[in-house]
Amino acid sequence: MTRNREVASVLKEIAILLEIEGKDKFRPRAYYRAVRTVGSLGEDVENLAKEDKLTDIPGVGKGISDVIKEYLSTGAVRHLEDLRKKIPVNVKELSAIPNVGPKKIKLFYEQLGITDIESLENAIKENKLVSLKGMGQRTQNQIIEGIKLVKRGWERSRYIDVLPHTRRILEIVRGISGVRRAEVAGSFRRRRETVGDLDILVDADDSRQVMDAFVGMDDVADIMAQGSTKSSIRLQDNLQVDLRVIPKESFGAGLQYFTGNIDHNVSLRSLAIKKGLRLNEYGLFRGEEKVAGEHEKGIYDALSLPWIPPELREGRGEVEAALNGSLPKLITLGDIRGDLHSHTDQSDGVHSIEQMLDAAESKRYEYYCVSDHTQSLTVAKGLDEKRLLDRIDEIDDLNASGRWELEILKGAEVDILANGNLDINDEVLDQLDIVTVSIHSRMKDSKEIMTERVCNALQNRHVHILGHPTGRLINRRHEFDIDLARVFEVARENNVAMELNAYPSRLDLNAGNLRTAIGLGLKIAINTDAHRTEELDNMIFGVYQARRGWVTKEDVLNTYPLKELRKIIKK
Ligand SMILES: [Zn+2]
Ligand SMILES: [Zn+2]
């Protein structure tokens with residue numbers, strides 16, 4: 001994991017504060033440029049600093065290079081500290097709001113003295129924003145929606161942001177002598193896309209030692225409770241973690257109890273009652289006798305159920321399915337044979353096609369589709385027909401070179417225009433193996449227009465996959481207003497697969513929509529949409545989401561051998 005984004009965010013804060021300070025027009029611009037280049041750097045900024053090569057980065061001169069070095073070696077920047085003292089604006093908090101950029105932050109601060117989300121909310125309550133230059137009711141409403149999304153993010157963190165904490169805490173606890181088991185439970189174990197608080201369960205002889213190590217971790221901001229069986233802390237990045245020490249003979253019961261959501265647990269408890277048993281967090285009992293409890297599987301066994309994967313334990317019919325033997329055999333990462341949506345530096349990706357292919361080959365994929373953006377996405381340097389034809393020739397050569405065992409598929413992520421047409425002509429589309437179509441513009445179109453646009457695009461006979469169908473970004477952007485039922489219907493008529501975009505902020509389609517889609521017989525393509533080599537690793541997050549949507553190997557396009565895949569997508 002590089003620190004590039006962390007460095008870019010420090011530079012961004014300096015840029016915005018300099019802009020508010022207003023002393024110099026050019027310095028903020030220089031910083032913004034450095035934010036972009038550092039943020040999208042293919043190499044590790046720390047390595048460049050070590051080799052004294054920071055000024056090789058476009059847009060990074062001596063001054064900014066010194067700032068980066070100072071930050072990397074000391075964790076702070078003196079100039080930034082001075083700026084923060086002078087201009088007490090919480091830039092990070094405000095710039096996290098969609099549709100709020102440096103210009104608005106400056107305007108809010110200078111005209112209304114707004115320094116953070118709280119003071120912004122107060123100004124909105126008094127309807128003060130609408131009177132500002134260039135603002136109106138519509139913008140104020142957008143900001144209100146944006147604040148809601150940011151606040152939801154404070155309460156529920158994305159799965160990927162919780163993952164490193166989980167790994168670290170388990171490692172610390174498992175390293176303590178006398179600890180027999182430590183496991184994560186709760187919504188994290190169910191692989192939910194966001195996690196409210198993290199639940200850790202420990203089986204140990206000496207709970208005091210475990211609790212001391214837990215509340216004594218480096219990044220604990222607040223100890224909310226410390227006891228012999230349960231402690232709760234809040235980490236510096238706001239995540240709440242609860243740790244429970246559970247007796248060995250009840251560990252499985254505890255794991256079951258703290259994993260299932262309430263509906264799942266209610267179903268299990270009533271099933272137990274029907275069998276003359278009693279189920280709680282300590283075990284499964286017949287009268288006073290404990291029937292099961294040490295192992296989670298033992299509880300399901302004793303209820304004559306197969307073990308139910310945690311992703312399904314949400315009370316959506318999984319207990320009934322388990323009873324009548326119709327639980328789905330959920331997809332696993334090992335079932336994936338290729339990735340059908342990825343970018344390169346030809347559009348807005350960071351790495352070259354060769355670098356992406358090397359990374360894909362190391363995943364032992366059978367095929368890999370290169371699908372850069374198309375021309376109307378100018379911010380992403382999208383390809384026009386000519387560049388796309390060149391790309392097709394290039395891929396023919398790369399396939400012929402024999403350098404990679406995998407088959408390189410020719411693709412594109414084609415933009416859906418305002419009228420639902422595509423921005424690449426049919427003759428060129430005809431030469432591609434995989435055509436994914438996506439919405440990247442006019443995302444606030446009305447439900448009718450958006451549905452019409454997408455359905456129109458799906459009727460083009462060259463289209464194979466609808467990319468990130470609802471456009472949502474977790475904690476950042478709502479879903480489009482779109483009639484998905486209608487989209488699914490048109491997709492089925494035209495043999496178009498739905499994407500499950502595995503980008504950790506997207507996970508789009510979500511679990512509920514996936515289940516609906518496969519119920520209609522639609523195929524799902526689980527794709528990383530990688531813009532850099534490391535992002536090929538995101539496939540696992542797509543697989544988790546698919547499992548939450550009851551998706552099996554057979555439902556997923558890119559689990560099929562290439563020959564079969566080609567047959568399936570044929571019109
Ligand atoms: Zn896209
Ligand atoms: Zn993409």
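Per q in 0.14, 0.27, 0.29 1/Å, what log10 I(q)/I(0) does a Debye calculation on the alpha-carbon atoms of region 12-81 return?
-0.40, -1.35, -1.45
Read phi for every residue in region 301-311 and hand back ³J(HN,Hα) as whole Hz from Karplus 6.51 cos²θ - 1.76 cosθ + 1.60, θ = phi - 60°, with x for Gly and Pro.
Rounded to whole hertz, the list is 4, 5, 8, 6, 10, x, 4, 9, x, x, 4.
Quick one: what do you get for region 375-473 if you divide its Cα Rg by 2.2 N^0.38 Å?
On the way: Rg = 14.7 Å, N = 99, 2.2 N^0.38 = 12.6 Å.
Rounded to two decimals, the normalised Rg is 1.17.
Taking every DSSP beta bridge with both residues inside the chain, roughly what % is antiparallel (nearest 5)?
Numbers: 27 of 58 bridges.
Of those bridges, close to 45 percent are antiparallel.
Sort 236-249, 492-505 by the packing proxy (mean of other Cβ within 10 Å over each peptide's residues), most packed first. List each step's numbers first, then the result.
Details: 236-249: 17.9, 492-505: 21.9.
Result, highest mean Cβ count within 10 Å first: 492-505, 236-249.
Go from 0 up to the bin containing the longest alpha carbon distance in region 45-159, width 10 Å each, and give me the % of pairs per bin.
12, 33, 25, 23, 7, 0
How big is the convex hull of the Cα atoms of the chain, per residue, in Å³? All intermediate terms of the calculation are to be shown ahead of the outcome.
On the way: hull volume 106.5 nm³, N = 571.
In the chain, the Cα convex hull volume per residue is 187 Å³.
Compute for region 461-527: radius of gyration divided by Kirkwood radius, i.e. Rg/Rh, restricted to C-alpha atoms, rounded to two decimals. Provide the component values of the computation, followed by the final result.
Values: Rg = 11.3 Å, Rh = 11.9 Å.
Radius of gyration over Kirkwood radius for region 461-527 works out to 0.95.
With +1 on each Lys and Arg Cβ and -1 on each Asp and Glu Cβ, and nothing else charged, work out how big the dipole of the chain is about its Cα centre, in Debye to the nearest 20.
Working: 85 positive and 92 negative charges, 304 e Å.
Dipole size: approximately 1460 debye.
If you take every DSSP beta bridge fully contained in region 157-245, what fraction is antiparallel? Give it as a percent rounded to 5. Write out the running numbers ahead of the final one.
Working: 17 of 23 bridges.
Close to 75 percent.
Whole-Hz ³J(HN,Hα) for each residue in region 498-507, computed from phi via Karplus 6.51 cos²θ - 1.76 cosθ + 1.60 with θ = phi - 60°, x for glycine and proline: what do you get?
Each residue's phi maps through the Karplus curve to give 9, 7, 10, 6, 8, 4, x, 8, 8, 6 Hz.
How many percent of Cα pairs in region 157-245 exceed 16 Å?
Values: 1844 of 3916 pairs.
The share of Cα pairs beyond 16 Å in region 157-245 comes to 47 percent.
Throw me the Rg/Rh for region 259-323, computed over C-alpha atoms with Kirkwood Rh, two decimals.
Details: Rg = 10.9 Å, Rh = 11.7 Å.
My calculation puts Rg/Rh at 0.93.
Name the GluC sites (Glu not before Pro) in region 92-152 that are in a loop by DSSP and that have at most 14 other C-beta atoms within 10 Å, would you? Intermediate results must be reported in sequence, preceding the final value.
Details: sites: Glu93, Glu110, Glu118, Glu121, Glu126, Glu145; in loops: Glu126.
Hits after loop and neighbour filter: Glu126.
Kindly flag which residue pairs out of Lys92/Lys523; Lys50/Lys104; Lys62/Lys151; Lys125/Lys444 have an alpha-carbon separation exceeding 30 Å in this structure. Please list the in-between numbers first.
Working: Lys92/Lys523 40 Å; Lys50/Lys104 37 Å; Lys62/Lys151 38 Å; Lys125/Lys444 25 Å.
Flagged as over cut-off: Lys92/Lys523; Lys50/Lys104; Lys62/Lys151.
Going by amide H atoms built from the backbone, whose H comes under 5 Å of the H on Asp348, apart from near neighbours?
Result for Asp348 returns His373.
Please list the non-local residues whose amide H lies under 5 Å from the amide H of Arg3, H modeled 1.01 Å from N, same-chain partners needing a gap of 5 or more.
Here Val45, Glu46 satisfy the definition.
Coordinate-derived values only; no laboratory data. Keep in mind it's a predicted model, so treat the numbers as computed, not measured. Cβ coordinates were reconstructed from backbone atoms using ideal geometry, including for glycine residues, and neighbour counts include every protein chain displayed.
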